[in-house]
Amino acid sequence: MSVSSKIQDVFNEPGCSKNANKSAKDKKKGCTKALQPGGAAGGCAFDGAKIALQPFADVAHLVHGPIACEGNSWDNRGSASSGPTLWRTSFTTDMTEQDVVFGGEKKLFKACKEIIEKYDPPAIFVYQTCVPAMIGDDIGAVCKAASQKFGKPVIPVNVPGFVGPKNLGNKLAGEALLDYVIGTVEPEYTTPYDINIIGEFNLAGEFWQVKPLLDELGIRILSCISGDGRYNEVASSHRARATMMVCSKAMINVARKMEERYGIPFFEGSFYGIEDTSDSLKELARLLIERGADPELMDRVNALCEREEKRAYAAIAKLKPRVQGKKVLLITGGVKSWSVVAALMEAGFEMVGTSVKKSTREDKERIKELMGQDAHLIEDMKPRDMYKMLRDARADIMLSGGRSQFVALKATMPWLDINQERHQCYMGYVGMVNLVKEIDRTLSNPVWKKVRKPAPWAKVGDSWQERALAQIAQEQAELAADPAKAEEVRRAKAVCMCKGVTLGAIEDAIRGGAATTEAVKEKTAASGGCGACAVRIQEILDQGAIVGQPTQQINVAAE
Ligand code: SF4
């Protein structure tokens, strides 16, 4: 199948709710968001595929392209392996101008030969990048010839960067597994307790905090795609009885197609948060029992969850006196922030706000239940608002990904990395205890006192921080004095980032008679891109927007 038909196939993925909601025209356009000037572009499709597959630890990952492609993508995640180290060796054909003129296929074939002779891996994954794709190198044909010649699987991963963004690359990597790997090897033996874990990358080795629990329950991980994975395991993963998909949408196509082809049921779960971990273990047990495991498995799972929850909460309670009352601003890209919120509140933290960009309506309700109806649910917070929140000491610490770290550092406030680049393990019951410990350590680090001292040359009242705060205060005062301007600013807030649709435009559409998200989409194009704002539009509709009402009266929280 050509790469363009493969992409269309991925965009038609019925398991992806965002794609399912799109029109045929929007599906063709894919998930790429229009970039805001000055915004970071994010990774390309090749980068996404490399992220998804590189954690297969015994495989040689060969990048066909100029050396910079490999330089960009190597080591961009802190996955860990319990054995082989071949995945850490960087292989690339390092294409030059000469290869562009004469073609790079021979070079690729020779590279496969050299890798097999020197390292003898169970398989080679060959990644296509932009340059060889543009000059027409057929990596499929080269991989086929190399497989036949050397008697080893040489798998083409056709993901030139220009075909789309990182998340498309994740899915195309999954397609390569489905087309060439899964189902090609039979496991030595099978049990009714065999499972697959999909979309788990074993960052900082954190999956090893959950694996012992599965071992204790007698649940065997037939294959993990791809954290600490092995080629033969994924090749025989079609014999598993159930699948848990960890990273919500990254590889939904793999889970769904395995269900379709091999009858392996799957569910989306998370091992972040105490209750989420218990829920996921119970769901795994339920699916296994449905497919032939002994029903007593559920009793053992319930007992284990009860024991581990008690242990985790007891460990957190010990830390409570140190962190009680500290205010946390939680900005995660994660889907289930309510689960982390629950654990942090149990530890005595006060939550001043949490991001809910990827949360479902039920998740938001759960957060409100935990944090109260006035909870600050952040859809999209500007860096300057984060900065002000930290400077005004409305938060003692910010937990977020690396991209927002400089906001906290500029505000000289403690910050903790909780996204994929982190070096700490927050998965499972132990992970939540670790998280509380890490927050405590970060809060009590003496560096914050030192960096807050004004520089010897700084004039009182004239530091850049004070000037920035004064500017923000002035803007706010101007808005307070000019309600028309304030309304203009409120209406200008972007709701749909992909299509650049503002709150005002959506309100106008509702006033003009659009009573459903679909009708709003038709009138404004909002939610016609990645679809993430559909929940937000529904909320705007739910929050009392009455068709025909003047704009100003529509009751919308503009946060
Ligand atoms: S966009 Fe193309 S050239 Fe750039 S890193 Fe990705 S594959 Fe390589």
Margin query: Here is a check on your reading of the model: is residue 169 open to solvent by less than 10 Å² (accessible area, probe 1.4 Å), touching a Lys or Arg at 6+ places or on another chain (Cβ under 8 Å) and on the phi < 0 side of the Ramachandran plot?
Written below: yes
Next item on the list: Inspect segment 72-81 for any residue being in contact with a Ser or Thr (Cβ under 8 Å, 6 or more places away or on another chain), in a loop (DSSP other than H, G, I, E, B) and surrounded by fewer than 19 Cβ atoms within 10 Å (Cβ to Cβ) and give the result as yes or no.
Entry: yes
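Given the structure, is residue 116 closer than 24 Å to residue 56 by Cα and either open to solvent by less than 10 Å² (accessible area, probe 1.4 Å) or in contact with a strand residue (DSSP E or B) (Cβ under 6 Å, 6 or more places away or on another chain) (or both)? I'd like the intermediate steps shown before the answer.
Numbers: closer than 24 Å to residue 56 by Cα: yes; either open to solvent by less than 10 Å² (accessible area, probe 1.4 Å) or in contact with a strand residue (DSSP E or B) (Cβ under 6 Å, 6 or more places away or on another chain) (or both): no.
In short, no.
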Item checked: Single residue of segment 134-143 satisfying the filter (of a type in the set (Gly, Ala, Ser) and away from the ligand (no atom under 16 Å from the Cβ)) that is surrounded by the most Cβ atoms within 10 Å (Cβ to Cβ) -> 140
Checklist line | segment 82-102, residues that are within 16 Å of the ligand (Cβ to nearest atom) and either surrounded by 22 or more Cβ atoms within 10 Å (Cβ to Cβ) or assigned to a loop (DSSP other than H, G, I, E, B) (or both) | finding: 90, 91, 93, 94, 95, 96, 99
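Name the one entry in 169, 227, 164 that is under 30 Å from residue 421 (Cβ atoms) and more than 16 Å from the ligand (Cβ to nearest atom).
Values: 169 fails: more than 16 Å from the ligand (Cβ to nearest atom); 164 fails: more than 16 Å from the ligand (Cβ to nearest atom).
Answer to the selection: 227.
Could you identify the single residue in 213, 217, 168 that is at pLDDT below 95 and farther than 21 Å from residue 262 by Cβ? Reasoning before the result, please.
Values: 213 fails: at pLDDT below 95; 217 fails: at pLDDT below 95.
So the residue among 213, 217, 168 that is at pLDDT below 95 and farther than 21 Å from residue 262 by Cβ is 168.
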Item checked: Single match in 202, 253, 232 (criterion: more than 22 Å from the chain's Cα centre (by Cα) and over 20 Å from residue 293 (Cα atoms)) -> 232
Check: Would you pick out the residues in segment 113-133 that are within 16 Å of the ligand (Cβ to nearest atom) and touching a Phe, Trp or Tyr at 6+ places or on another chain (Cβ under 8 Å)?
Finding: 125, 127, 128, 129, 130, 133
Notebook entry, point to check: Does residue 156 satisfy the criteria of being within 16 Å of the ligand (Cβ to nearest atom) and either surrounded by fewer than 24 Cβ atoms within 10 Å (Cβ to Cβ) or modelled with pLDDT of 95 or more (or both)?
Noted result: yes
Next item on the list: Can you confirm whether segment 173-196 contains a residue that is within 19 Å of the chain's Cα centre (by Cα), part of a loop (DSSP other than H, G, I, E, B) and either within 15 Å of the ligand (Cβ to nearest atom) or touching a residue at least 12 places away in the same chain (Cβ under 8 Å) (or both)?
Entry: no
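For every residue, the table says whether it meets (1) among the acidic types (Asp, Glu); (2) over 22 Å from residue 148 (Cβ atoms); (3) touching a residue at least 60 places away in the same chain (Cβ under 8 Å).
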| site | (1), (2), (3) |
| --- | --- |
| 79 | no, yes, yes |
| 82 | no, yes, yes |
| 93 | no, no, no |
| 100 | no, yes, no |
Check: Can you tell me how many residues in segment 48-63 are under 25 Å from residue 114 (Cβ atoms) and either without any contact (Cβ under 8 Å) to a residue 12 or more places away in the chain or within 10 Å of the ligand (Cβ to nearest atom) (or both)?
Finding: 3
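Before we move on, is residue 506 touching a residue at least 40 places away in the same chain (Cβ under 8 Å), not assigned by TED's automatic domain parsing to the domain that holds residue 411 and not in a loop (DSSP other than H, G, I, E, B)? Even if it seems obvious, please write down each step before you answer.
Working: touching a residue at least 40 places away in the same chain (Cβ under 8 Å): no; not assigned by TED's automatic domain parsing to the domain that holds residue 411: yes; not in a loop (DSSP other than H, G, I, E, B): yes.
It is false that residue 506 is touching a residue at least 40 places away in the same chain (Cβ under 8 Å), not assigned by TED's automatic domain parsing to the domain that holds residue 411 and not in a loop (DSSP other than H, G, I, E, B).
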Margin query: Tell me the residue from 398, 381, 386 that is modelled with pLDDT of 85 or more and among the hydrophobic types (A, V, I, L, M, F, W, C), please.
Written below: 398
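The values are calculated or read from the model by the stated rules, or taken from the named source; none is laboratory data. Bear in mind that the values here come from a model prediction, so they are computed numbers and not experimental data. Because the Cβ atoms are built from the backbone with ideal geometry, glycine has one as well, and the counts that use them run over all protein chains shown. Only protein heavy atoms, including side chains, enter the accessible area calculation; ligands, DNA and RNA are left aside. Shrake-Rupley method; radii C 1.70, N 1.55, O 1.52, S 1.80 Å.
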